[in-house]
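Just below is one structure, and these are the notes that go with it.
The values are calculated or read from the model by the stated rules, or taken from the named source; none is laboratory data. Not measured: the values here are computed from a predicted model. Neighbour counts run over all protein chains shown; Cβ positions are idealised from the backbone, glycine included.
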Amino acid sequence: MTQPSFVHLRESDSVRPSTRLGVPRNWVQDRVAELKRPGQPKGNYLGVQGPDQGYALHLAEGFSGQVNSSGSATVHDAIAGCLQVALARASRFGRAPCKADVEFALTLFGFLGDAPESLVKTRDDWFSGCDHDYWAQRAIADLVPGETLGLTVSQVRDRLEDWTELFSAA
């Protein structure tokens, strides 16, 4: 607000000149992680986007006592790898992960019951040490095609004997 000239002011009360900002430069999309086109990128090792994905860790804790791990793959390896598949399934349906997604993933890899011996041998190679290996977790998630993610837990149990049809690169 301006001050009238007939009012006597101390110098500290007078209006000070403001600093003028310069005209901004043109914006350029040049940061490393900038997306160049609309939507999220898709492809191997890129993961999936979805709401409240951290909740899947809480859901997986409920299954830790039921996981049948074998060989060099530990229970933590099984949960870490299967969580990626559970998140991909939840994202496919456009929702946050639920208990059925975690159960689906653990059933798909035979960690919740009777699994064919050939699946147990193969999954040991896939899951061994993946608890601390992000790229191994991403590779496990990329093994499961979208058609398989659309199945129910009971459909996976029924088709587990011929498990190679459920994976894209088994």
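Computed values, structure above
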quantity: Selection count where residues are under 18 Å from Lys42 (Cβ atoms) and surrounded by 12 or more Cβ atoms within 10 Å (Cβ to Cβ), scope segment 135-167; calculated: 11
quantity: Residue ID - surrounded by the fewest Cβ atoms within 10 Å (Cβ to Cβ), chosen from residues in segment 64-81 that are touching a Phe, Trp or Tyr at 6+ places or on another chain (Cβ under 6 Å) and under 21 Å from Gly54 (Cβ atoms); calculated: Val67
quantity: Qualifying residue in segment 95-102 (condition: modelled with pLDDT of 95 or more, hydrophobic (A, V, I, L, M, F, W, C) and closer than 19 Å to Arg159 by Cα); calculated: yes
quantity: Residues that are in contact with a helix residue (DSSP H, G or I) (Cβ under 7 Å, 6 or more places away or on another chain) and under 19 Å from Trp126 (Cβ atoms), drawn from segment 147-164; calculated: Thr148, Leu149, Val156, Arg159, Trp163
quantity: Flag if Gly43 is of a type outside the set (A, V, I, L, M, F, W, C), within 26 Å of Leu143 (Cα to Cα), at pLDDT below 90 and surrounded by fewer than 10 Cβ atoms within 10 Å (Cβ to Cβ); calculated: yes
quantity: Residue in segment 74-91 that is assigned to a loop (DSSP other than H, G, I, E, B) and more than 20 Å from Leu151 (Cβ to Cβ) present; calculated: yes
quantity: Selection count, segment 82-113, where residues are in contact (Cβ under 8 Å) with a residue 60 or more places away in the chain and of a type outside the set (A, V, I, L, M); calculated: 1
